[in-house]
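Everything below concerns the one structure shown next.
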Amino acid sequence: MSDAVVTSTADLLNVRQQVIDSADEQGRAFCHRLAAVTDDWLEALHRDAVAAHPGAPPCSLVAIGGYGRGELAPFSDLDVLLVHESDPGAVEEIAAAIWYPIWDAGISLGHAVRTLDDQLELAVEDLDTATSLLTARHLAGDVGLASRVAAAGEDNWRRHRDRWLDELRGRVRRRQSDAGDVAYILEPDVKDGHGGIRDAQSLWWASVAGLALHPDDSQVLNDCYDVLWGARVALHRATGRRGDVLRLEDQDATAARSGHDDADALMADIAAAARTVAWIADETWGRLGRRVTGRFAPIAPGVILVDGEIELDDDASPATDPRLVLRVAQAAARHEARIGRRCLDRLTDEMPDWPQRWPAGAVDDLVALLLEGHRAIGVLEALDQRGLLQRMLPEWAPVRSRPQRNAYHRFTVDRHLWEATANAADIADRVRRPDLLVLGALFHDIGKGYPGEHTEVGVELLRTSIGPRLGLSASDTEVVVTMIEHHLLLPDVAVRRDLSDPVTIAGVAEQVGDGVRLELLHALTEADSLATGPSAWGSWKAGLVRELAARVGHVLGGGDVDDVVWRLFPDADTLALMASGETAVRANDDVVTVVAADTPGMFARVAGALALHGLDVIGAQAHSDEPTAGMAMGASQFKVVVPRAGVEWGPVIADVERAVAGGLAITARLAERAHTYRRGRATQARPPGPPKVVFDDGASGDATVVEVHCTSKIGVLYRITSALAEVGLDIRHATVQTVGMSVVDTFYVRTRDGSRVTDAHHRGEIERAVLHAVA
């Protein structure tokens, strides 16, 4: 026993709770300690049960599964088996005497009472039973019987190795597909996700069946396993409940319990460990069933293809040919082959750190690799696992496995850069400089690994460090600098400004500079957005960016800005309705268009009616004409998120019509909805900053631009636009952008007399009204 002086089951249960409550041990050390004191408790329970039934036949209490490995998190199940060879009735009485105290203690129990033969018969048919016996461990009772259980379980696993390995690989793939990647998901499942605890355990089970781990992988896998278990234990302690999904709201507390400085540090460690586990798992399972013939084919200087893997020929020398690593990577991507482990070993051991300035031609090799697109990502991961990328490009180290911790970004910074580069390669035929496109994509967020504003830092890194290191010319360096500096320019302007305003088009043209840069920025916008996440790119945003790029391109090509300032909205049909003076509400897919008399607050009323039906507005435009025959007409168009279950447009249209006519108590109804609405969980680690109102006098004509930054909530667009109406503003044009929890709404407004907002007092009242509305 761990504590020989403690013998009663009640005292031993108290000891177990003291271990859980103690902060002395972390990770697997804690797991083993908890398993040890649990062993003592169960041994005492078994002792008392047997003593209470003196005529009972021999039996053995066996720990299996995670408990058999000696790995217990605070709220893990206790997986135990009571095995016997005789009278089941008598053994059931012993079992009940053991099980009920465990249940009474509120501990989840996975239990069974079986004969040895019954247990082995089940193990032959069931994967979970078969794997659980691989860690069978005697707790109490007949030692020989427990040993026979363990030996028979291992024999079953080895005798049916082919079937078990095939079934286990299928289980691994399904689990990974269902739970996603631990390294990249905002709220990872550290147990069942790709690269999680179960992946490591599956590899150890597979090794018992003969699928050997590479010698270098065993210790690395064990170290990563420690990190993941440390996170799981800290999660249980922080939340006071069982669970394997590290939810955003629990990450700070989990970081504190695991000894990390903050949640970013915790998630970075988890990401690094999980991606290594995932890589080892993919490498190992990829060898299952591989035929080894020894046949090879030369495919590049010093590089050969051997049985589907890339290797170095005997004469290749990484020590004297530093570009060899990039030729290997190109070959692997082009042939969709893994880099062989012997090849990786030689590159790791023999390649020197690259000099301050890359060897001549190396940047061309890098570009060729990047232009392989998504085929290059797995290759880059293999190089990164061995630290080869950082030895070539030290500036990469700070972004490695760096979490972004919001629902908008689905990848760590480094993986996001790879994905954006792969997307850029897919559309490289759209630009005149595909080499600069993929380099700009690779480095556009490189500054996120460093202190300071990431765009400014990235520009400085490219101009003073990375560009010279790669050997880029001064002119090419400045083009990539422009891509980094302005990688958000097109999407931000497209969704926040009026594209029919000549000032908008001329301003973008001035910042971009020339047609080559415009091509590159347009392609980078698409590649970056697609790599960011599903909410970052769609047909609506793509259309706005495409229109902006076309108009700016016309100006950069020597055309007159006045030639390209036609409106996207309203279209011809909407203009015809406006001219008729009729009220109309139309819904088409995810777009609602409203034409009505341009009365104060009309835009706000429509937005409020949509909010009442739970339709989140992600984009909106508004337009009003000069009065015709004494009445001005306005048109608004709202792009909404349609729920998965769809939307019944009839009631929505009816409420919008009532709202336009002033027949709907919008404020009261929204208050009721907000009161009963279940508050959504946070979708980013750091909430948006405090709300702010920004005035911009740069628009042409008689409009002032009012930009509102705030946190998304029910009816926020209605509140903002109602506040603008209250202080006497007419919305001439509006765009709405909602990204995760952040809202950036832009309104082109004028006063009731049709002029700009220039009075300082009026601006102060506008700001006061809007900030109150969004508070």
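The values are calculated or read from the model by the stated rules, or taken from the named source; none is laboratory data. In this text, all values refer to a predicted model and were calculated from it rather than measured experimentally. Because the Cβ atoms are built from the backbone with ideal geometry, glycine has one as well, and the counts that use them run over all protein chains shown. Just the protein is used for accessible areas: all its heavy atoms, side chains included, with ligands, DNA and RNA removed. Shrake-Rupley method; radii C 1.70, N 1.55, O 1.52, S 1.80 Å.
One table, with the values for the structure above:
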| quantity | calculated |
| --- | --- |
| Top-ranked residue of region 206-228 - restricted to ones that are assigned to a helix (DSSP H, G or I) and among the charged types (D, E, K, R), ranked as least open to solvent (accessible area, probe 1.4 Å) | ASP217 |
| Residues (farther than 25 Å from GLU93 by Cα, surrounded by 14 or more Cβ atoms within 10 Å (Cβ to Cβ) and among the polar types (S, T, N, Q)) located in region 18-54 | GLN26 |
| Options LEU472, LEU436; residue that is surrounded by 19 or more Cβ atoms within 10 Å (Cβ to Cβ), of a type outside the set (Phe, Trp, Tyr) and outside any helix (DSSP H, G or I) | LEU472 |
| Count of region 757-775 residues which are surrounded by 15 or more Cβ atoms within 10 Å (Cβ to Cβ) and assigned to a loop (DSSP other than H, G, I, E, B) | 1 |
| Tally, over region 64-83, of residues that are assigned to a loop (DSSP other than H, G, I, E, B) and either among the β-branched types (Val, Ile, Thr) or under 17 Å from ALA150 (Cα atoms) (or both) | 3 |
| Filter pass, ILE280 being open to solvent by 40 Å² or more (accessible area, probe 1.4 Å) and of a type in the set (Val, Ile, Thr) | no |
| Flag for VAL617 being among the β-branched types (Val, Ile, Thr) and touching a helix residue (DSSP H, G or I) at 6+ places or on another chain (Cβ under 6 Å) | yes |
| Pair list, Cβ under 7 Å, 6 or more apart: region 307-324 residue under 22 Å from LEU393 (Cα atoms), other residue charged (D, E, K, R) and open to solvent by 50 Å² or more (accessible area, probe 1.4 Å) | PRO318/GLU350; ALA319/GLU350 |
| 3 or more residues within 27 Å of VAL233 (Cβ to Cβ) and within 32 Å of the chain's Cα centre (by Cα): qualifying helices (runs of 4 or more DSSP H) within region 102-205 | 127-132, 161-179 |
| Scope region 548-572; condition farther than 21 Å from ARG496 by Cα, modelled with pLDDT of 90 or more and not in a loop (DSSP other than H, G, I, E, B); matching residues | LEU556 |
| Filter result for the condition that a residue is open to solvent by less than 40 Å² (accessible area, probe 1.4 Å) and over 30 Å from PRO502 (Cα atoms), over ALA654, ALA645 | ALA654 |
| Condition met for LEU139 (open to solvent by less than 30 Å² (accessible area, probe 1.4 Å) and touching a strand residue (DSSP E or B) at 6+ places or on another chain (Cβ under 7 Å)) | yes |
| Unique match (being more than 21 Å from VAL552 (Cα to Cα) and either free of Cβ contacts under 8 Å to residues at least 40 places away in the same chain or open to solvent by 10 Å² or more (accessible area, probe 1.4 Å) (or both)) among THR482, THR477, THR421 | THR477 |
| Scan of region 254-277 for residues that are under 16 Å from ILE20 (Cβ atoms) and either open to solvent by 50 Å² or more (accessible area, probe 1.4 Å) or at pLDDT 95 or above (or both), ordered by number | THR254, ARG257 |
| Residue pairs meeting the criteria (Cβ under 8 Å; at least 6 apart or on separate chains; first on the phi > 0 side of the Ramachandran plot, in region 599-613; second in a helix (DSSP H, G or I) and of a type in the set (S, T, N, Q)) | GLY601/THR721; GLY601/SER722 |
| Residue within region 333-347 that is surrounded by fewer than 17 Cβ atoms within 10 Å (Cβ to Cβ) and more than 23 Å from ALA425 (Cα to Cα) present | yes |
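Results for (1) over 30 Å from ARG247 (Cβ atoms); (2) part of a helix (DSSP H, G or I); (3) over 23 Å from the mean Cα position of the chain (by Cα), shown as yes or no for each residue.
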| residue | (1), (2), (3) |
| --- | --- |
| ASP349 | yes, yes, yes |
| PRO352 | yes, no, yes |
| ARG357 | yes, no, yes |
| LEU366 | yes, yes, yes |
| GLY378 | no, yes, no |
| ASP384 | no, yes, no |
| PRO403 | no, no, no |
| ALA420 | no, yes, no |
| GLY440 | yes, yes, no |
